[in-house]
Amino acid sequence: MAEIIDGKAIAAEIREEIGKDTADLVARGVTPGLAVVLVGEDPASRVYVSMKEKACAAAGIFSDEYKLPAETGEAELLELIVRLNADERIDGILVQLPLPDHIDESKVLETISPRKDVDGFHPYNVGRLATGNPLFRPCTPYGVMKMLERIGVDLKGKEVVVVGRSNIVGKPVALMCLAAHATVTICHSRTRDLPAKVAAADVVIAAVGVPEMIKGSWIKEGAVVIDVGVNRVGEKRLVGDVDFVAASERAAAITPVPGGVGPMTITMLLYNTVVSATRRAEKCR
């Protein structure tokens, strides 16, 4: 049976380190600051923003929340972001997605200063990641890499299969694995013979958004499986993109859903914010 990779425990360990780094910065006169912007009343987004606020407070990070009505105009939102770009108290800006339909998401993300883009979504940061000189890495894929690092998986020379090609997870995690000297295959809904591709992998990273799409029989004996998917089945049941029970019988290590990758996303948001604040502290010296 596979070792269960405890994302909650790894996240708690990293958050403790973040708290110490924050305390050191505060002692130097710099309090890390994160601005969180929420437009509208999407229930899932409100819960997620609340979790971020609590995580900031626990880590000693200053959190400035802007909860705007759904009818807020695009120009008004862009004006707020420009002000936050210039605010010296703010090291990171996060605009919670999705945005209302009348607002151009790309325009909003591109207005955020790349040096405060702690989500790592600005084209400048995407480009730096692609060229091997990242300023900020996107939080969920960065969390995946930290998990692999913490459980002692060296990707050098490994065959990594990423299932999913989203800009948020699939593409950036593939770039990060390449930077770690893995051989990377990106698969998606039109990949031919997906089972064979997955069966060749030393590490499988599933981020396709289809409940239990990846069958346990596809997993190579001794592979490491990182399941980024979170899918609601029925009223209460949450499952990943991998058939966890069957895959656990073949994998060496596997993340559960929930309790695997999920806790790492906000953790890496805090991490990126503290990195940004550390850069500010260095400029103030």
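Read-outs: derived from the displayed coordinates by stated rules, not from any lab. Since we're looking at a predicted model, the values are computed, not measured. Glycine also receives a Cβ, built like all others from the backbone with ideal geometry; neighbour counts cover every protein chain displayed.
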- Query: What residue among Asp154, Asp202, Asp91 has the largest mean-square fluctuation in a Gaussian network model of the chain, using Cα springs under 10 Å?
  - Reply: Asp154
- Under unit Cβ charges (Lys, Arg +1; Asp, Glu -1), what dipole magnitude, rounded to 20 debye, does the chain have relative to its Cα centre? 620 debye
- Treating the angle as unsigned and between 0 and 90°, give the value, to the nearest 10°, between the Cα long axis of helix 139-150 and the longest Cα principal axis of the chain. 60 degrees
- Could you name the lysines in cross-link range of Lys107, using Cα to Cα under 28 Å and dropping any fewer than eight places away on the same chain? Lys52, Lys67, Lys116, Lys171
- Leu238 to Glu282: extension gain in nm, 0.36 nm per residue of separation minus the Cα-Cα distance? 11.5 nm
- Query: Along the positive direction of the dipole of region 30-114 (beta-carbon charges: Lys, Arg +1; Asp, Glu -1; about the Cα centre), which of Thr31, Leu94, Pro114 reaches farthest?
  - Reply: Thr31
- Name the residue, out of Gly229, Gly60, Gly157, whose mean-square fluctuation peaks in a Gaussian network model built on the chain with Cα pairs under 10 Å. Gly157
- Item | the chain: angle of helix 7-27 to the longest principal axis, Cα-based, in degrees nearest 10 | 30 degrees
- Note on the structure: Percent of all alpha-carbon pairs of region 30-114 at distances over 16 Å, whole number, is 50 percent
- Estimated FRET transfer efficiency (Val230, Ser45; beta-carbon r; R0 22 Å; 0.05): 0.90
- Would you mind ranking Ser248, Ser189 so that the residue whose beta carbon has the fewest other beta carbons within 10 Å leads the list? Ser189, Ser248
- region 139-262: C-alpha gyration tensor shape, a/c 1.5 cut-off, then a/b vs b/c: rounded
- Query: Simple spin-label model, 7 Å along Cα-to-Cβ: Val210 to Val26 in nm?
  - Reply: 4.8 nm
- With the chain treated as a Gaussian network of Cα nodes joined by springs under 10 Å, which of Ala55, Ala246, Ala86 yields the largest mean-square fluctuation? Ala86
